[in-house]
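Have a look at the structure below before the remarks.
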Amino acid sequence: MDLTGMKNSTLALVDHVVVPLSAVLNAVRELGNEGLGPNDPLIVTQASSLQRLPIEPSSMDMVVSISRSLEIPGNQLLDEISRVLKPSGTILIQISLPTTEHTVKPTSTLESKLLTAGFLEAQVLQMKPFIPSDDDHSFTIKAKKPSWNIGSSFPIKKMTKCLPKVQIDDDLDLIDEDSLLTEEDLKKPQLPPVDDCEVGSTRKACKNCTCGRAEEEEKVQKLGLTVDQLNNPQSACGSCGLGDAFRCGSCPYKGLPPFKLGDKVSLSGNFLVDDI
């Protein structure tokens, strides 16, 4: 029988061959669901024999299962119930067992099966048997389908790292470091000159010369040349800078190493030291 065209909000699954409509209506009313449509509830008998429920996915608000065995509903039927239930839909299971059958905590078995099938908020209810019987004892449990469907997604909020706040005690006496500076500290330091000798058109070595000018002047005096002749040598014949082999007998640069005209003549530190 094809039931895909039905738009029922409540589905009843029973393993009985025949079940009175009042039993299902009582179960729905016990949960406070009075708003049943003209075709509600939809009842499927011998539901345990079905491999697949002929109902559209996510089309039922509530599914009621009434059976006489802990094996019903099985895992396959629970998967089908989850498929046809709408998100946040309710499943209500009542199992009636003979009073002579001693079962240890049947509700724990039902809760485990529901949680394994993906249902949430499983809770045991104290309800009267939907199908009254003098020889049976009933157990009722209710659960909910999650509010999301398989394959649905939702954004995850990214955790923002917050810098730790520095707790400042207003009672602490803070000292301004600038107030510790004196007038002497604020004065601009006087840097020593690079050359400690006199500065002018004609520089002379000072008494305690440490820049090397005194040694240069001593070399100039021994050679009989002026400072300008050493710093900017010139030649009328053009051969003075080539060395003694090209210099005449009266050349003022005789004895000096070769040099380039216009460039300072470089003298080594021991140039005028007598060889022993």
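The values are calculated or read from the model by the stated rules, or taken from the named source; none is laboratory data. Values in this document were obtained by computation on a predicted structure and should not be read as measured data. Glycine also receives a Cβ, built like all others from the backbone with ideal geometry; neighbour counts cover every protein chain displayed.
Residue pairs, Cβ under 8 Å, 6 or more apart or interchain, first in region 148-161 and assigned by TED's automatic domain parsing to the domain that holds residue 59 and among the aromatic types (Phe, Trp, Tyr), second modelled with pLDDT of 70 or more and exposed (fewer than 10 other Cβ atoms within 10 Å of the Cβ). List them.
Every condition considered, no pair remains.
Of everything in region 7-59 that's at pLDDT below 75 and under 16 Å from residue 81 (Cα atoms), which residue is surrounded by the fewest Cβ atoms within 10 Å (Cβ to Cβ)?
Ranking the candidates gives 7 first.
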